[in-house]
């Protein structure tokens with residue numbers, strides 16, 4: 001037999017076999033699509049949960065930030081009962097010493113201001129001092 005005829009027969013056989021073989025790229029494409037849909041759904045679920053947590057923190061009037069504790073204080077506090085609550089004046093002095101105010105507290109102050117609360121009321125509802133609240137409202141566009 002002639003070499004070109006053998007190559008043509010092999011080529012025709014390969015074409016016929018390709019019609020009967022499964023296409024693996026379609027399965028891979030479907031798997032990637034399913035994965036992207038599941039990631040999208042999980043991301044949306046996490047966003048919804050985060051929004052709920054932010055709203056709860058914003059609306060909770062008794063929300064307090066624990067002050068940072070150094071090693072000497074932690075040894076003294078470990079000897080005290082774990083149910084003891086720190087006085088609000090101590091917490092305010094600790095918050096005043098720390099320069100940055102957390103973004104959630106900033107949003108809480110702005111929201112309370114929009115609801116018509118006075119600066120002293122906002123100070124009582126949050127752990128911030130009157131000066132810190134005034135600074136937040138000045139810097140972040142409060143109504144007062």
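Odds and ends about this structure:
- Put in order of Cβ neighbour count within 10 Å, fewest first, the listed residues 135, 2 become 2, 135.
- Ordered by the number of other Cβ atoms lying within 10 Å of each residue's own Cβ, fewest first, 49, 107 fall into the sequence 49, 107.
- Ranking of 105, 58, 128 by count of other Cβ atoms within 10 Å, fewest first: 58, 105, 128
- FRET E, pair residue 43, residue 111, Förster distance 25 Å, beta-carbon r, rounded to 0.05: 0.45
- Inter-label distance, nm, simple model (7 Å from Cα along the C-beta direction), residue 121/residue 22: 6.8
Every read-out reported here was derived from the displayed coordinates using simple, explicitly stated rules and does not represent laboratory data. The structure presented is a predicted model; accordingly, all values stated were derived computationally and were not measured. Note that each Cβ is placed from the backbone with ideal geometry, even for glycine, and that neighbours are counted across all protein chains shown.
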